[in-house]
1. Could you check the spin-label model distance between residue 293 and residue 252? Points 7 Å from the Cα along Cα→Cβ, value in nm.
2. Given the pairs 190/236; 236/346; 250/317; 236/263; 190/270, which span a C-alpha to C-alpha distance of over 25 angstrom in this model?
3. Quick one: compute the contact order of segment 184-231, relative version, from alpha carbon pairs under 8 angstrom and 6+ residues apart, as a percent.
4. How much length is gained on full extension from residue 163 to residue 148, taking 0.36 nm per residue of separation minus their Cα-Cα distance?
5. Hey, can you grab everything whose amide H is under 5 Å from the amide H of residue 86? Only 5+ residues off in sequence or another chain; H modelled, so Pro and N-termini drop out.
6. Taking the Cβ of residue 196 as the center, what net charge do the other residues with Cβ under 12 Å away carry, scoring Lys and Arg +1 and Asp and Glu -1?
7. Need one number: nm distance between label points at residue 319 and residue 109, each 7 Å from Cα along Cα→Cβ, rounded to one decimal.
8. If R₀ is 22 angstrom, what is the calculated FRET efficiency for the pair residue 233 and residue 43, using the beta carbon separation as r and rounding to 0.05?
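Read the figures in this text as sums done on the coordinates, not as results from a lab. Only a predicted model underlies this, so the values are computations on that prediction, with no experimental measurement involved. FYI the Cβ positions are ideal-geometry reconstructions off the backbone, even for glycines, and counts take in every protein chain you see.
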Amino acid sequence: MFETEETFEPVPARMLNEFTYCPRLAYLEWVQGEWADNPDTLDGEFVHRNADRPDHQPIATPDAEGAEEEKLHARSVRLESATLGLVAIVDILEVEGDVATPVDYKKGHAPDIPEGAWEPERVQVCAQALLLREAGFTCNEGVIWYAASRRRVRVEFDETLVMRTQDLIAGCRAMASSGRMPLPLVDSPKCPRCSLVGICLPDETHLLLQETLAADPELAKAVREPRQLLAPRTEKIPLHIVEPGARLGKRADRIIVELKTEKIAEARLKDISQVCLYGPVQVSTQMMSELFDRDIPVCYFSTGGWFRGIAHSLPHKNIELRIRQHRIADDPAKALALAQQFVAGKIRNCRTLLRRNAEGDAPELGISISHDVVAARC
Ligand code: SF4
């Protein structure tokens, strides 16, 4: 949906925030559909939990007949304009007569800078103002509510901010329709706090771009050894149900396992990485849709433990990645090289597990991986 101007999707105001922070981040999230949580994004979700509840109180446009002159509040208001090529969800919309004020929730502290708020946040709320102006409202200022400081920061929509926002909308559209992912930031303090750092791999990408570095001595000087990434340790575990006749249902945020009408087990959904069902075990439709929403796959096995199939939610949206994977799968030499690495990695993992779970002193375990054997197996 990004190829032509006619079919172009409107730029979400939230993506404009990301684009201002880092164009590559906007590309990864918007064009490639990548997402990863980190403590900051989870905190943000928690702060938005009230504002994200759609409010059904209608907001009258200023020229609507009988529009009341009192102040109205609405939560989670969606605004879209084909003319501006923009779409936004306003956390809280305050309306008094024909004057509208968008209020945006942020989880952090209000920054101690003359502008009162970071540029990406001011641009995001200004984009909401452009949509409100187009809908006929007067909108000269907005508010950013910083939850950690419990402070409302006023943002004035002056000419400079409006022009900057319009430039960024055009830039964001051009980036998406170009089909080229921008390069990562160089040695930026933004990267360690970015939730997509493990997908973007900024330092590693620059290090591998030897040709780019050779052509740009300034960039080559700025590029440093990759900073160490710490992979998150997932606390989730698989749930195996082996009791014939068992039935899985959902109650609040828990999986309930029943046999006939008796509860035999339960588990918190947030602790589960996958659900494995052996033989005649039933799952309710509500449970399946909750598992899909949470990206938890359901694996079906025979009573004897043979794998039969898997059900999971819609596949990853990153089309560019899938196209490249298929191209490599079609190239026997490249496919073999990758397969060898997968098999070698699995053998190393087995070794680690054996050593980790050994009783007493870990035994000496050497690894001997013959690529010829791997090639024969593939
Ligand atoms: S890790 Fe850095 S370069 Fe990569 S998307 Fe995030 S901010 Fe941008």
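1. 1.6
2. Working: 190/236 29 Å; 236/346 20 Å; 250/317 28 Å; 236/263 22 Å; 190/270 29 Å.
Check vs 25 Å cut-off fails for 190/236; 250/317; 190/270.
3. Working: 36 pairs, mean separation 20.2, N = 48.
Reported as a whole number, the value is 42 percent.
4. This chain segment gains 2.4 nm when fully extended.
5. Those lying under 5 Å, H to H, from residue 86 are 11, 81.
6. Details: positive: 24, 190, 193; negative: 18, 29, 34, 37, 40.
The answer is -2.
7. 4.4
8. On the way: r = 19 Å, r/R0 = 0.88.
It comes out at approximately 0.70.
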